[in-house]
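Every number here is computed from the coordinates shown, using simple stated rules; none is lab data. Not measured: the values here are computed from a predicted model. Positions of Cβ are generated from backbone atoms using ideal geometry, with glycine treated the same way; all protein chains shown enter the neighbour counts.
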Amino acid sequence: MDKRLKNFLEKGIEEPGKAVEEFESAIANFIGRKYGIATDSATSALHLSLISLGIGKDDKVIIPSFVCVALLNAIKYVGAIPAVVDVEEDFNISVEKIERYLKKNKKVKAIIVPHMFGKNAKIEKIKKFGIPVIEDFTFTIGSKYKGKMSGKFGDISVCSFYYSKVLNAQKGGIFLTDNKNIYEKAKYLSFYDKKKKYEV
């Protein structure tokens, strides 16, 4: 039996430590991202993403019409407004419908792009709109698009490890980014008690 698994079964994990950090690094390296933060769920990773991008009350966040309720929940948690646009025949968000929506609507602060059923959305075209993109690569983890790993494209990318997903750990999620400022803010928010010194 693997030493780390044996140790976990015998002692459990009382707080995030080396095993979690190794997991974060392994996923980040696999996708080709600089930073990774493990979360208890992909919903938490999405929530963390929105907060880290400074999205709040009455900001609009574009999402596809065919979507997991977790996206809606995360948006409502920060007081933002989901802006629903239609999908293409492959159930991925429509670039054309995003463009049409943006021509008529302002205050759009982010676009959440889930890749559906093993096929990547046209995320490189979506990024050209110049709006922060949160990429959900739960259903395309391990695949490549335009020569890059799925999960490499968004300003932030997230993945679910829920038991019904492609890569399952029964529960959990991950938050990935290449932006140091976004990472540091998200890391602080995800584990705020990790300080070397405390002021009294």
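Observations on the structure shown:
- Summary of packing: across the peptides 132-138, 39-45, the per-residue average of other C-beta atoms within 10 Å ranks them, highest first, as 132-138, 39-45.
- Estimated at 0.36 nm per residue, the fully extended path between R100 and D58 surpasses their Cα-Cα distance by 13.1 nm.
- Of S52, N168, G118, farthest towards positive along the dipole that unit charges on Lys, Arg, Asp, Glu beta carbons give the chain: S52
- Whichever aspartates and glutamates have a C-alpha closer than 19 Å to that of K6, once near sequence neighbours (fewer than 8 apart) are set aside: E14, E15, E21, E22
- Pairs beyond 28 Å (Cα-Cα), from K57/K119; K125/K165; K97/K180; K60/K144; K97/K185: K57/K119; K97/K180; K60/K144; K97/K185
- Calculated FRET value between E184 and S164, using beta carbons and R₀ = 35 Å, to 0.05: 0.60
- Residue-wise HN-Hα coupling along segment 76-88, computed from phi with Karplus coefficients 6.51, -1.76, 1.60 (Hz; x: Gly, Pro): 5, 4, 9, x, 7, 10, x, 10, 8, 10, 6, 10, 8
- Shown is the FRET efficiency for N29 and N73, computed with R0 = 22 Å from the Cβ-Cβ distance and rounded to the nearest 0.05: 0.15.
- Summarising the amide proton neighbourhood of S150: residues at separation of 5 or more, or on other chains, whose placed amide H is nearer than 5 Å comprise G142, S143, K144, Y145.
- Placing +1 on each Lys and Arg Cβ and -1 on each Asp and Glu Cβ, with no other charges, gives the chain a dipole about its Cα centre of roughly 540 debye.
- Note on segment 23-188: antiparallel DSSP beta bridges, both residues inside, total approximately 50 percent of the bridges counted.
- Ordering of 150-162, 48-60, 69-81 by burial proxy (mean other Cβ atoms within 10 Å per residue, highest first): 150-162, 48-60, 69-81
- For the peptides 25-31, 175-181, residues were scored by their other Cβ atoms within 10 Å and the scores averaged per peptide; the highest-first order is 175-181, 25-31.
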